[in-house]
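Take a look at the structure set out below.
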Amino acid sequence: MRSLLWGAVSWIGAALVATGCLAQAPPAQSVAPQTSIASSLPNNGDLFGARAWLADRGVTYGFVHTTEALSNVAGGIKRGTVFDGKLETLIGVDFGKLAGLEGLTFYSNILQLHGDSGPTRNLVGNLNTISNIEALPTTRLSELWLQQTFLGGLASLRAGQLVVDTEFLFSQYFSFFINSDWPTNPAVNIPSGGAAYPLSTPGIRLKVDPTPQTTFLLSVLNGDPAGPGLNDPELRNRHGLNFRVNDPPYLITEFQYRYNQDPKATGLAGGVRVGGWHHFGTFEDLRFDTNGVSLASPLSSGLARPLRGNDGVYAVLDQQLYRPAGGDANSGVMVFSRAAYSPPARSLNDFYLDGGIVFAGLIPARPGDSFGATFLYSHMSDRARGLDRDTQLFTGLPVPLRDYELSLEFTYGASIVPGWTIYPTAHLIFHPRGNVPDPNSPTQPIKNAVVVGVRSVMQY
């Protein structure tokens, strides 16, 4: 199966060239943020006209700078405050405008990560995301790909350094929140967390839009963006330049149906996504060794039973409950939910569920503001809980039993000017990391935590 990725990438490379002749494609969109602080700057933030000159020739760029301060004020591993930042540099090239190669586009996203690497590592020790910009400080290549559209823009092929969390298992309305991220399942069930922020890996992606309301996605990627090792995956692939292609592949597919997304529509907007994934690698049984004996037993070989492959299925729901007169699909009152399941024998998080509600544009004096609440629930595998019971039996120590982690977030988004938003936020984390021992007191679980802070997002 390891040769699958090489063959697929080679095929896609040829296809990107060949399919360019099949049909005219619609023009590529600019990568510059649609809402930008440039609108509040002299000459629209383009003093010498270079940005407009490049855009006319198919070259667009943008920057997104996110900074935050988050404090753990109770529970967790320790109290304290962390400061984090992420600068995204986005570059897009439309080769139709630049060189007459219709439908062929290029994209890159380079991250400059700075600060204290987030509250998870330093303060709380949780599994569910608290901040979706948490990462070790570094300069990192995120995405770098070529894409060819064909069939009149109804389909596209993409190949290069990819992530999946921007298209797969993505919720239209969840993205408002600070903890919106690649779900805990599959993040803890795939080597190195898979091709999701902050890691990426070589792969291919096929997208087909049979109708304006439906989309089919299929992606095949290298199955471990960092490679084998016991230390932090972000250290094993510190700058996003490993370009690994020899690991067992990871395949993910998704079908999407959406409705009333047009700004002129008057009905309630929404969408449904269903999908699944398979990893072709070898995984370890969470409780039993190669002889079927508990890994906690003194008679155990200490070698976990190898299991072939791992899988997951998921669904995503976005639904607008109230659409103001003249409002678009992202205004009014909106709810969302994501659910995912993986086999418990090899998956630490076998069931995941999140959901929430967002209120946007409902304050007449503050039409650009939004606020909402969300929850993230991760159930720990019964196989892992069984190992904890075995540990109690064989050692006599009252170690905690893993059960679940539940996170709550309450956030307000205050628009300062178009392109700059401030987010005061508060988080409650129950049973961090699924009720595991506190490193400071091994017979007691990590205490429930309370995290508060503020985030700033500036787009240009």
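Just checking, how many residues over the range 293-332 are on the phi > 0 side of the Ramachandran plot and under 23 Å from the mean Cα position of the chain (by Cα)?
Keep residues of the range 293-332 that are on the phi > 0 side of the Ramachandran plot, which gives 302, 309, 326, 332.
Subsequent filtering for residues that are under 23 Å from the mean Cα position of the chain (by Cα) retains 309.
Of the residues in that region, 1 qualify.
Are any residues in the range 287-334 closer than 15 Å to Ala384 by Cα, touching a helix residue (DSSP H, G or I) at 6+ places or on another chain (Cβ under 9 Å) and open to solvent by 70 Å² or more (accessible area, probe 1.4 Å), and if so, which ones?
Those that are closer than 15 Å to Ala384 by Cα, touching a helix residue (DSSP H, G or I) at 6+ places or on another chain (Cβ under 9 Å) and open to solvent by 70 Å² or more (accessible area, probe 1.4 Å): none in the range 287-334.
Filter the range 376-398 down to the residues that are outside any helix (DSSP H, G or I) and open to solvent by 20 Å² or more (accessible area, probe 1.4 Å), then identify the one that is nearest to Gly355 (Cα to Cα).
Applying the first criterion (outside any helix (DSSP H, G or I)) to the range 376-398 yields 376-381, 396-398.
In the following step, the residues that additionally are open to solvent by 20 Å² or more (accessible area, probe 1.4 Å) were identified as 377, 379, 396-398.
Numbers: Tyr377: 9, His379: 15, Gly396: 39, Leu397: 37, Pro398: 34 Å.
Result: Tyr377.
Can you say whether Arg366 is crowded, with 19+ Cβ neighbours inside 10 Å and of a type in the set (Lys, Arg), as far as the supplied structure shows? Even if it seems obvious, please write down each step before you answer.
On the way: crowded, with 19+ Cβ neighbours inside 10 Å: no; of a type in the set (Lys, Arg): yes.
No: the conditions fail for Arg366.
Return yes or no: is Phe170 surrounded by fewer than 22 Cβ atoms within 10 Å (Cβ to Cβ) and closer than 21 Å to Gly271 by Cα?
So Phe170 passes the test.
Can you name the residue in the range 141-153 that is within 16 Å of the chain's Cα centre (by Cα) and of a type outside the set (Ser, Thr, Tyr) and, of all such residues, is farthest from Pro186 (Cα to Cα)?
Initial filter on the range 141-153 (within 16 Å of the chain's Cα centre (by Cα)): 141-143.
Cutting the leftovers down to of a type outside the set (Ser, Thr, Tyr) gives us 141, 143.
Numbers: Leu141: 22, Glu143: 20 Å.
So the residue we want is Leu141.
Is at least one residue of the range 263-283 touching a Lys or Arg at 6+ places or on another chain (Cβ under 7 Å), of a type in the set (Phe, Trp, Tyr) and either surrounded by fewer than 22 Cβ atoms within 10 Å (Cβ to Cβ) or touching a residue at least 60 places away in the same chain (Cβ under 8 Å) (or both)?
yes
For (1) modelled with pLDDT of 95 or more; (2) over 15 Å from the mean Cα position of the chain (by Cα); (3) surrounded by 21 or more Cβ atoms within 10 Å (Cβ to Cβ); (4) aliphatic (A, V, I, L, M), each residue gets a yes or a no:
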residue: Gln112; (1), (2), (3), (4): yes, yes, no, no
residue: Pro119; (1), (2), (3), (4): yes, yes, yes, no
residue: Ile130; (1), (2), (3), (4): yes, no, yes, yes
residue: Ala135; (1), (2), (3), (4): yes, no, yes, yes
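Quick one: Glu409 ticks every box in (1) closer than 22 Å to Val188 by Cα; (2) surrounded by fewer than 16 Cβ atoms within 10 Å (Cβ to Cβ) bar one, so which box is it?
It fails just one condition, (2).
Would you be able to tell me the number of residues in the range 346-362 that are of a type in the set (A, V, I, L, M) and either in contact with a Cys (Cβ under 9 Å, 6 or more places away or on another chain) or open to solvent by 60 Å² or more (accessible area, probe 1.4 Å) (or both)?
Of all residues in the range 346-362, those of a type in the set (A, V, I, L, M) come to 348, 353, 357-358, 360, 362.
Now drop any that are not either in contact with a Cys (Cβ under 9 Å, 6 or more places away or on another chain) or open to solvent by 60 Å² or more (accessible area, probe 1.4 Å) (or both), which leaves 362.
So the answer is 1.
If you take the residues in the range 413-459 that are in a loop (DSSP other than H, G, I, E, B) and in contact with a Lys or Arg (Cβ under 9 Å, 6 or more places away or on another chain), which one is surrounded by the most Cβ atoms within 10 Å (Cβ to Cβ)? Write out each step before concluding.
So the first thing to find is which residues in the range 413-459 are in a loop (DSSP other than H, G, I, E, B), and the list is 418-419, 431, 435-436, 439-440, 446.
Checking the rest, the ones that are also in contact with a Lys or Arg (Cβ under 9 Å, 6 or more places away or on another chain) come to 431, 435-436, 440, 446.
Values: His431: 23, Asn435: 18, Val436: 22, Asn440: 10, Ile446: 25.
Within the range 413-459, the match that is surrounded by the most Cβ atoms within 10 Å (Cβ to Cβ) is Ile446.
For the range 230-239, give me each residue that is open to solvent by 40 Å² or more (accessible area, probe 1.4 Å) and either part of a loop (DSSP other than H, G, I, E, B) or touching a Cys at 6+ places or on another chain (Cβ under 7 Å) (or both).
Leu230, Asn231, Asp232, Arg238, His239
Under 6 Å between Cβ atoms, at least 6 apart or on separate chains: pull out the pairs that start in the range 411-440 with a residue that is under 21 Å from Ser381 (Cα atoms) and end on any residue that is open to solvent by 30 Å² or more (accessible area, probe 1.4 Å) and among the acidic types (Asp, Glu).
Asn435/Asp403
Quick one: which of Ile91, Ile77 is touching a Pro at 6+ places or on another chain (Cβ under 7 Å), more than 17 Å from His239 (Cβ to Cβ) and open to solvent by 20 Å² or more (accessible area, probe 1.4 Å)? Before you say what the answer is, go through the steps one by one.
Working: Ile91 fails: touching a Pro at 6+ places or on another chain (Cβ under 7 Å).
Every option except Ile77 fails the conditions.
The values are calculated or read from the model by the stated rules, or taken from the named source; none is laboratory data. As the structure is a prediction and not an experimental result, all values here were calculated from the model. Counting neighbours? That spans all protein chains shown, and the Cβs are built from the backbone with ideal geometry, glycine included. Side chains included, ligands, DNA and RNA excluded: accessible areas come from the protein's heavy atoms. Shrake-Rupley method; radii C 1.70, N 1.55, O 1.52, S 1.80 Å.
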